[in-house]
Amino acid sequence: MCLNPYLTPVALLVASNVFMTFAWYGHLKFGSKPLWIVVLVSWGIALVEYCLAVPANRWGHQVYSAAELKTMQEVITLLVFAVFSVTVLREKLTLNHAVGFALIMAGAWVVFRGPFGAVSAGGGPA
């Protein structure tokens, strides 16, 4: 990987989440289309998402733990979805959404904060 090993996975996860959000929720703008068509179109969009997410996780695992990568994925998903929901679906985000998202962000902070009271393989403090 020739780019920044810390930023490249994040950029790829953002891009993959844009595709994922369109694949999962974009069809809601086309409610009159037959379901089989939106499933096939969504599947095609999701293929692009996979082509970005798999390298993001492969390369990202060189510098981040799997738990950190998954946490990043969830936070990025929420941010991308919030923008998509407001701009594409024209839905309002309310205070309960903001509070729920903030709690998820707090969970992400805990994951990245590091092990609390880490225990070594022998059972004692690390």
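Computed quantities for the displayed model
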{"read-out": "Cα-centre dipole for the chain with unit charges at Cβ (Lys and Arg positive, Asp and Glu negative), debye to 20", "value": "220"}
{"read-out": "Extension reserve of the residue 36-residue 67 stretch, reckoned as 0.36 nm per residue once the Cα distance is removed", "value": "7.7 nm"}
{"read-out": "Percent carbon-and-sulfur accessible area, the chain, ignoring ligands, DNA and RNA, probe 1.4 Å", "value": "72"}
{"read-out": "Förster radius 41 Å - calculated FRET efficiency between residue 89 and residue 116, Cβ distance, rounded to 0.05", "value": "0.60"}
{"read-out": "Region 1-85 - convex hull of alpha carbons, volume per residue in Å³", "value": "82"}
{"read-out": "Residue-normalised accessible area of the chain, given per residue in Å² at a 1.4 Å probe", "value": "67"}
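The values are calculated or read from the model by the stated rules, or taken from the named source; none is laboratory data. From a predicted model like this one, the values you see are computed outputs, not experimental measurements. Heads up, the Cβs are rebuilt from the backbone with ideal geometry, glycines too, and the neighbour counts pull from every protein chain shown. Each accessible area value is taken on the protein alone, full model and side chains, heavy atoms only, with ligands, DNA and RNA left out. Shrake-Rupley method; radii C 1.70, N 1.55, O 1.52, S 1.80 Å.
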